[in-house]
Each structure stands twice: as structure tokens, then as C-alpha cells.
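The values are calculated or read from the model by the stated rules, or taken from the named source; none is laboratory data. Computed from a predicted model, the values in this text were never measured in an experiment. Quick reminder, even Gly has a Cβ in these numbers, built from the backbone with ideal geometry, and neighbours come from all protein chains shown. What goes into the accessible areas is simple: the full protein's heavy atoms, side chains included, and nothing from ligands, DNA or RNA. Shrake-Rupley method; radii C 1.70, N 1.55, O 1.52, S 1.80 Å.
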Amino acid sequence: MYQQQQQKQSILTEEDLVSTILSDLKRVVREYATAATESTCPDIRQLFTKLMDSTLTMQGQLFQAMQQANMYNTSSPVLRQELDKQMKQYQQIKQKTAQFLQQTLGQQQNQTMYTPNMQQQSGQQQGSQNYYN
Amino acid sequence: MIQPMTGKELEYIADSMSNEDLLMKQCAAVVATGTTPALRNLCSQMLQTHQQHFDSLMHAISHHQQMAPTQPQQ
């Protein structure tokens, strides 16, 4: 029973341990996203955003490693008919929305959003210091 | 332009430090007891990243300490 002193034993299996880490990483990504959206200070928002991105990267790496170790079953592939059905439905929705936008905005459409001025402003928010390193 | 930290921000930072702390321990458990080399290596790398995250959060608090008011604000 105690033949291997060096290899410590865990109550949980390796698969249980990494599954717990994977689900915690998923939760932490969501929490960083929430924290970023509710931050007032731009520097703190940037910190949360970077931590979210880094955590998301780790979650992806762990998922891939688990899949290679046969510890993760992905859901079965969706049927072609189902893709066709959704494609058709959302093409209709897209068309209706295009009509709606045409009626609502008319000639104004080109002037409302996405003016070059606003794009320049949003670029200025970056800079200052960042904590993450 | 750096602004004083809000109570909400501090709560998120503190919660995040708890999360990172727990993840460090969980990764250490895999490194110590795991049997799949790829997973042990990955968890060893992740352990370091969680330590860095923890330090970044800690640094954010210390960075805001000086400009924090000492009296309650309205």
C-alpha cells in the first residue's frame, strides 16, 4: 500500500482535479468580464481585461490537454439540416432588420454611427500605466 | 488618469485574489499527485501564471493606497 513514498496520493483522481480547475477557470473568466464592465477606473478595467484574456488562454490550453488525454467528451456534431434551418431563419431576420434600418434611418444612415471622429476618440483611451506584467 | 479605487472595484479585486489563490493550490495538487506528464507540466506553468495574476491584483491595491481618502466621502 505504501510502496511509493515519493508519489503522493490524492483523494481525488487526476481527472477530477483537472476538471475542477477547468470549471473554476471558466467561472473566473466570467468574473473578470463582470469586474471589467463594472470598473470605474480605466487602469483597473484594463487590469481585469488582461487577466480575463490570460485566464481564457489557460482554460483553452487545459481543455486541449484534457481532450488529448481522453478526459473530455465534446457534444456530438450537429446535422446539416439543422445548420440549413438556422441559416435560412437568420437570413430572413437579417433581411427584415435591413428593411427596418432603411425605414428608420433613411438618408441619415451614413451619418449616425461610426464616424471617423469617434473612432479616433476611442483610440485615445489606451495608454497610461498597466499593472499586469 | 488614475482614479481612486471604488468599493466595488476593491471587492472584485479581493474576490479575484481568493480565486487565484485557490487555483494555485489546485494546480499544485495536480503537479504533486498527477500521473499524466502533459497535464502536470501545464499545471506547473499555470501555477506560475496564477501567482503573477495574484501579484498584479495585489499591486493594483498598493498603487491606489496613497490616493485613497482617509475620511468617508459623500
Would you rank B:MET24, A:MET58, A:MET52 by solvent-accessible area, highest first, keeping every protein chain in place and using a 1.4 Å probe? A:MET52, B:MET24, A:MET58
Helix axis angle, B:7-33 relative to chain B longest principal axis, alpha carbon, degrees: 10 degrees
Looking only at other chains, what is the average number of their beta-carbon atoms within 10 angstrom of each beta-carbon in A:88-98? 0
What is the mean number of Cβ atoms from other protein chains located within 10 Å of the Cβ atom of each residue in peptide A:69-76, rounded to a whole number? 1
Name the residue farthest towards the positive end of the dipole of chain B from the options B:ALA68, B:LEU57, B:MET46, assuming +1 on Cβ of Lys and Arg, -1 on Cβ of Asp and Glu, about the Cα centre. B:MET46
At 7 Å along the Cα-to-beta-carbon direction for both A:GLN68 and A:ALA98, put a label point, then send me their distance in nm to one decimal. 4.4 nm
At q = 0.19, 0.22 Å⁻¹, work out log10 I(q)/I(0) for chain B with the Debye formula, treating every Cα as an identical point scatterer and leaving solvent out; two decimals please. -0.78, -0.92
What average count of beta carbons from other chains do you get within 10 Å of the Cβ of residues in B:27-37? 5
Would you work out if region A:1-107 is rounded, prolate or oblate? Take a ≥ b ≥ c from the square roots of the eigenvalues of the alpha-carbon gyration tensor; rounded if a/c is under 1.5, else prolate when a/b is larger than b/c, oblate otherwise. oblate
Which stretch or stretches of region B:41-57 have amide N atoms under 20 Å from the point lying 7 Å from A:SER23's Cα along the Cα→Cβ direction? B:43
Contour excess over end-to-end distance, with Cα ends at A:ALA33 and A:SER76 and 0.36 nm allotted per residue: 12.6 nm
Under the definition of Cα pairs under 8 Å and six or more residues apart, what whole-number percent is the relative contact order of chain B? 39 percent
